[in-house]
Amino acid sequence: MQLQAGCQLLFEASAPSPLILMLRPRSGLGQSVIQENCRFEPSVPVVDYIDNYGNLCQRLLSPPGQFAVHTTATVDTPDAIDVQPGAAFVSIEQLPDYTLQFLLPSRYCESDLLGNLANDIVLTDLPAYDQVEAIRSWIHTHIEYRYESSTASTSATETAKTRVGVCRDFVHLGMALCRSLTIPARMVVGYLYELEPMDLHAWFEAFVGGRWYTFDATQSAPRGNRIAIAYGRDAADVALATQFGPVILTEMNVWVHAAG
């Protein structure tokens, strides 16, 4: 399905303030970008660059007063995500170099502290894909999705204790459990068609069977029609807007609908 998606960010600054934006999707596995556009009001000079994870980023100086960012994209997306029960475990010595960083503990994913829980969850499952699916299913069943139940500093170990969270908390816990089993896992932020209520969304991918597969513990069944914007080790790597100086984000609106 072709999707049209976008968001509008409104900022308020008391002085010129640097911003880093990560709002532009790229063509790749599972999506093909047909067109995308980013508009600024008032217009300002922008420098584009690609970060260490392949994300398209923009650097700019937000002017004093109100500043608006409008971004839109039309993207071809598959109606279903790939699933592959039984996909094999890839040993560390055979993993591609770029996946190794997604095995390590990170700021919000203390995988070195969650090995016992992971082993309890996957006790009867085959290595790799089936283990990741067991983790996804366990989170969906045992962690309550509740708005305003966590903060920007909530980590995977805290979510494992409180058993509540939002999509980013589900993702951090899922990735930490996967990494504790020596399965590379990375965070994805983007759009999901017919998400209710509509907002930017987060899910994770695990590297098994020689490729990345999508897992989303907020959903009861696999769903396609996703637009990935950013990839990283955890939420610290995939902030869609990073502000420096006296500037605050005052409003964000998100939309996704079928093109045409």
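Annotations for the structure displayed:
- Relative contact order for the chain, counting Cα pairs under 8 Å that sit 6 or more residues apart, in percent: 30 percent
- Residues Ser180, Ser137, sorted so that the one with the fewest Cβ neighbours within 10 Å comes first: Ser137, Ser180
- For segment 108-182: rounded, prolate or oblate by the Cα gyration tensor [a/c cutoff 1.5]: prolate
- Residue exposure proxy: Val132, Val47, Val90, Val254, ordered by other Cβ atoms within 10 angstrom of their Cβ from fewest to most, comes out as Val47, Val254, Val90, Val132.
- Of the residues Ile183, Ile92, Ile121, the one that moves most in a GNM of the chain with alpha-carbon contacts below 10 Å is Ile92.
- Between Asp125 and Thr182, the FRET efficiency from the beta-carbon distance, with R0 = 22 Å, is close to 0.90.
- Its Cα gyration tensor gives the chain an equivalent ellipsoid, and the semi-axes of that ellipsoid, as √(5λ) in whole Å with the largest first, are 32, 20, 17.
- Whole-angstrom gap from segment 80-134 to segment 34-65, using each part's C-alpha centre: 34 Å
- As a calculated quantity, the FRET efficiency between Leu100 and Ala221 at R0 = 30 Å, using C-beta atoms, amounts to about 0.45.
- Net lengthening on full extension, Ala15/Glu41 (0.36 nm per residue, minus Cα-Cα): 7.8 nm
- Kirkwood Rh, angstrom, segment 26-175 [1 / mean 1/r, Cα pairs]: 19.0 Å
- Two-decimal Rg to Rh for segment 130-260 - Kirkwood Rh, Cα set: 0.96
- Qualifying chymotrypsin sites (Phe, Trp or Tyr not before Pro) for segment 101-196 [loop in DSSP, other Cβ within 10 Å: at most 11]: Tyr147
- Sequence of Met1, Met198 once ranked by neighbouring C-beta atoms within 10 Å, starting from the fewest: Met1, Met198
- Counted by Cβ distance under 15 Å from Glu194, the other residues give a net charge of -2, where Lys and Arg count +1 and Asp and Glu count -1.
Values in this text are rule-based calculations from the coordinates and carry no lab data. If you're wondering where the values come from, they're calculated on a predicted model, not measured in any experiment. All Cβ positions, glycine included, derive from the backbone under ideal geometry; neighbour counts span all protein chains shown.
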